[in-house]
Amino acid sequence: MKIKYIFGGVVAASLALTSCGLDYEPVSDYSDVTEGIEDTNPGATEEESVIYKNRADAESALTALYEDIRGNQNFLQLDYLLIGDVHSDNAYAGTTGSEVVDPATNDLNSTTLCVNRDWEYLFDQAARCTRFIIGVEKVADGSLSADEVHSMKAQAEIFRALIWFRAARMWGNIPLVTTIPPDITSENIAESYESYFPKQNTEDEAYEYILNDLLDAYQYAPAGNGDKTRFSKDVATALLAKVYAEKPVRDYNKVIQYVDELTQKGYALNANYGMLFDVDMTETSSGYVATPLYENTPESILEIHYPVGSGNWASWMYGHCLEDMSYGFTWAKWITPSRDLIAAFDDLNDTQRKEQTVIYQSCDWSNYYPSDNYAFMYKVRSGYSVIYFLRYDDLLLLKAEALLANNDLNGAATIIDQIRTRAGVRTLTAAEKGNKDTLFSLYVNERRLELACEGERWYDLVRLDLVQQVMMEAQRTDPGRLPLANPYTENSYLLPIPQDVLDTNPNVVQNPGY
């Protein structure tokens with residue numbers, strides 16, 4: 001039986017990359033090990049088919065899942081920031097192409113490149129996780145113990161939950177495939193149809209699937225043991241806190257519960273904000289190498305490492321790459337910090353976080369700032385910079401949101417002051433702490449400054465029903481923003497489904513407003 005992946009009704013041949021954690025080198029060649037073993041017995045059902053012959057096959061397949069989260073920089077880094085910050089008030093497009101201008105002008109449509117490639121990546125990757133989850137439960141030679149199966153399956157469930165969570169936040173109703181589709185034959189074409197052309201699950205159903213994966217993984221995932229590149233129980237705990245803050249399944253008591261659990265395990269803010277992003281500039285015979293000063297800090301929950309010699313290309317998409325200041329610096333950069341964001345830092349006299357987020361340099365273009373003093377996004381400043389997926393400061397602020405919703409103003413204010421103190425800015429006044437509406441506004445601003453240019457701003461505005469209010473105000477007051485193609489409405493909260501998906505899968509329906 002030939003096993004394939006599907007996404008949006010388009011069938012794609014199975015692919016694989018490899019690693020063992022998010023800081024390893026990829027395996028370059030395909031093999032039975034990297035791709036898995038497929039049973040050619042024509043009488044086998046999907047549940048009876050063999051995917052992995054032995055422990056080595058299963059371990060290699062799990063390694064491949066880890067490498068894919070490290071290797072796919074288009075969505076996991078570049079597009080995530082593009083939607084999260086350029087589609088919000090945090091950043092301008094940077095360049096002039098529709099790929100980046102569409103999010104900036106609220107002109108996202110079914111043919112926008114980032115929307116199309118993100119859908120393809122997410123659902124292809126979710127299918128890979130599903131294949132592993134099914135396959136690891138029936139390794140042919142029985143060489144894995146029950147505990148090992150549970151642990152390996154849990155790691156794939158965490159990854160699938162992360163993928164589905166991002167997809168649900170982007171598109172709402174999404175097709176969730178939890179089986180491996182069979183080859184289509186004349187005998188099974190009718191019953192196989194929906195496997196290849198799946199219907200969308202509702203947003204509520206999607207979040208229930210996400211929670212099911214995370215709650216299972218919460219029981220069986222391995223302990224992190226200080227390695228923040230692994231899909232550990234702590235990652236499941238952090239994702240549960242983030243998911244329970246979302247409207248379809250909102251339970252602020254659960255948010256508090258899971259954040260408190262992370263605190264009890266020793267997660268804490270780093271001594272200073274710069275520890276998250278600072279690099280060490282080391283001169284070598286071939287030039288400079290800018291490596292992270294800190295990895296696996298108490299604040300980090302899930303991160304990616306890039307060893308020297310195998311760096312990412314994100315840094316030269318955003319500004320100067322510190323290893324080589326001239327490399328790739330002949331074209332305008334993406335995700336340019338907005339005047340509105342910079343003013344928010346300045347209004348609070350927030351120099352520490354501003355200096356870690358924005359850097360001014362000269363360049364050959366003046367799309368948004370004078371070329372001799374141009375603002376660049378600075379959080380990814382090296383090809384070896386740590387890329388964060390989950391951090392304690394994000395989760396701690398979500399706990400403040402939960403406390404505020406539960407009318408515990410003092411508890412929420414205490415957390416905001418903790419974040420502010422670390423950033424070196426003034427703490428809240430008694431008047432600010434005592435007024436719920438004021439405190440809520442200050443909380444929203446605190447998340448903005450703490451997580452600026454990390455892809456979270458847009459989803460905060462959506463989660464808190466602030467899109468129209470904030471984005472129309474930014475359009476009015478920020479002179480650097482491009483004119484809007486469309487006003488922000490209730491239909492702006494979800495992204496358009498790609499046209500290719502609509503053309504190939506008649507069971508998928510476009511989101512309203514597109």
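Here are the numbers for this structure:
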read-out: Segments classed as strands (runs of 3 or more DSSP E), wholly inside the stretch 358-421, with at least 2 members that are out of contact with any Cys (no Cβ under 9 Å at 6 or more places or on another chain); value: 358-361, 387-391
read-out: Residue match in the stretch 372-385 (condition: among the hydroxyl-bearing types (Ser, Thr, Tyr), over 24 Å from the mean Cα position of the chain (by Cα) and open to solvent by 10 Å² or more (accessible area, probe 1.4 Å)); value: no
read-out: Residue selected from the stretch 76-101 under the condition part of a helix (DSSP H, G or I) and free of Cβ contacts under 8 Å to residues at least 60 places away in the same chain, by the criterion surrounded by the most Cβ atoms within 10 Å (Cβ to Cβ); value: 79
read-out: Subset of the stretch 492-514 [in a helix (DSSP H, G or I), open to solvent by 60 Å² or more (accessible area, probe 1.4 Å) and either on the phi > 0 side of the Ramachandran plot or of a type in the set (S, T, N, Q) (or both)]; value: 499
read-out: Tally, over the stretch 416-437, of residues that are under 22 Å from residue 90 (Cβ atoms) and among the β-branched types (Val, Ile, Thr); value: 3
read-out: Test result for residue 331, surrounded by fewer than 20 Cβ atoms within 10 Å (Cβ to Cβ), in contact (Cβ under 8 Å) with a residue 40 or more places away in the chain, among the aromatic types (Phe, Trp, Tyr) and not in a strand (DSSP E or B); value: yes
read-out: Residue in the stretch 45-61 that is hydrophobic (A, V, I, L, M, F, W, C), modelled with pLDDT of 90 or more and either surrounded by fewer than 18 Cβ atoms within 10 Å (Cβ to Cβ) or touching a Ser or Thr at 6+ places or on another chain (Cβ under 6 Å) (or both) present; value: yes
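Okay, residues lined up against (1) in contact with a Gly (Cβ under 9 Å, 6 or more places away or on another chain); (2) in a helix (DSSP H, G or I); (3) without any contact (Cβ under 8 Å) to a residue 40 or more places away in the chain:
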position	(1), (2), (3)
204	no, yes, no
236	no, yes, no
240	no, yes, yes
254	no, yes, yes
291	no, no, no
298	yes, no, no
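Listed here are the residues, each with its yes/no results for (1) open to solvent by less than 10 Å² (accessible area, probe 1.4 Å); (2) under 21 Å from the mean Cα position of the chain (by Cα).
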position	(1), (2)
208	no, yes
214	yes, yes
223	no, no
234	no, yes
247	no, yes
263	no, no
267	no, yes
272	no, no
289	no, no
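Let's see how each residue does on (1) part of a loop (DSSP other than H, G, I, E, B); (2) among the polar types (S, T, N, Q); (3) open to solvent by less than 10 Å² (accessible area, probe 1.4 Å):
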{"residue": "117", "(1), (2), (3)": "no, no, no"}
{"residue": "126", "(1), (2), (3)": "no, no, yes"}
{"residue": "148", "(1), (2), (3)": "no, no, no"}
{"residue": "159", "(1), (2), (3)": "no, no, yes"}
{"residue": "168", "(1), (2), (3)": "no, no, yes"}
{"residue": "182", "(1), (2), (3)": "yes, no, no"}
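The values are calculated or read from the model by the stated rules, or taken from the named source; none is laboratory data. These numbers come from a predicted model, not from an experiment. Quick reminder, even Gly has a Cβ in these numbers, built from the backbone with ideal geometry, and neighbours come from all protein chains shown. We work out accessible area using only protein heavy atoms, side chains counted, and drop any ligands, DNA or RNA first. Shrake-Rupley method; radii C 1.70, N 1.55, O 1.52, S 1.80 Å.
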